[in-house]
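Only one structure is covered here, and it is reproduced in the block below.
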Amino acid sequence: MTDWSQLEDAFGSADGIPALLDRFEAAPSSVWPELMDRLCPQLDTAFTASFAALPRLAEIASGQEPERRSWTLLAAGPIVSCARRSPEGMTARTTYAAEIEELARLTDECLHAALDSETYLLLLQTALACEDVAIWDERLDGMVEGEYEVECPHCGVEVFLVIGAEGRFSAIGDYARDDIEKIPLRPTPPQDLDGVAKQLYERALRHGQREVAEGFAHLFGEGECGDCRTVFPVATQVAGWLMPTVV
Ligand SMILES: [Zn+2]
């Protein structure tokens, strides 16, 4: 049995986590914010109790129908992503390998359902976290929000890379204004995509997410700085500090 009093969450002692998980199971969408405040604040920090909660989250998810499972998967995903950033987390990935594999399977099942692109991308991040695909398990956020804010690799100016309902372009400044130049992103032709880019593109197509797939062709394409006109790989700038080498 897990001795929760020996574990920590964001607030200190994790004594209250089992009861909180019970409440989460009963009302996932309303308790999710409170659960994440304790187990994965900002969705980028995890604690010993966060990892210890993974088996229970997998159990909860497996008892839910796919269409009612999203909140549970969206609680587990960020915790699994965080695991690779600490020794306790790396140990947890091994200890709970079976549960993480089950979470991956349960998530993939949901991806086959007709989802809006935002939910699809968020669940895809959970799937990638459980499959140990670094960077993109955390950096599809800009495609969910419709924009990434990056620095030009040459002149350092802040560039918006828009990939979403507003279009697919780069801009400097408030691109909602008509007088701001919008430079179309240059997608990589699908047949030229490789590695994780190819996998993401083909997976989205397989799931009937054509818009998302085309978004990936742009995410793994090129953008141009409107100031110094340098052309750069979008994904490299998006990955930023998370990525030690070029995609
Ligand atoms: Zn520039």
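The values are calculated or read from the model by the stated rules, or taken from the named source; none is laboratory data. Small disclaimer: the values here were computed from a predicted structure and weren't measured. Glycine also receives a Cβ, built like all others from the backbone with ideal geometry; neighbour counts cover every protein chain displayed. These area figures cover heavy atoms from the full protein model, side chains too; ligands, DNA and RNA do not enter into them. Shrake-Rupley method; radii C 1.70, N 1.55, O 1.52, S 1.80 Å.
With the crude spin-label approximation of a point 7 Å out along Cα→Cβ, what separation in nm comes out for TRP32 versus ASP15?
3.0 nm
Which one, ILE17, SER86, LEU35, projects farthest toward the positive side of the charge dipole computed for the stretch 1-133 from Cβ point charges (K/R +1, D/E -1)?
The one lying farthest along the dipole's positive direction is SER86.
So what are the stretch 4-130's ellipsoid semi-axes, whole angstrom, largest first, if each one is the square root of 5 times an eigenvalue of the alpha-carbon gyration tensor?
That gives 22, 16, 13 Å for the three semi-axes.
Across all directions of projection, what mean area in square nanometres is found for the Cα convex hull of the chain?
14.1 nm²
Please compute the modelled spin-label separation between VAL157 and SER62, points set 7 Å along Cα→Cβ, answer in nm with one decimal.
In this crude spin-label approximation the distance works out to 5.5 nm.
Give the residues of the stretch 152-188 whose amide nitrogen is closer than 14 Å to a point set 7 Å from the Cα of GLU118 in the direction of its Cβ.
Only 164-166 fall inside the zone, counting backbone N under 14 Å.
Round to a whole number: what % of the accessible area of the chain belongs to carbon and sulfur, probe 1.4 Å?
49 percent
In Å², and per residue, what accessible area does the stretch 4-130 have when probed at 1.4 Å with the other protein chains present?
With the other protein chains kept in place, the stretch 4-130 gives 44 Å² per residue.
Can you check how the C-alpha radius of gyration of the stretch 146-242 compares to 2.2 N^0.38 Å, as a plain ratio?
1.06
Between GLU211 and ALA98, how many nm apart are label points set 7 Å from Cα along the C-beta direction?
4.1 nm
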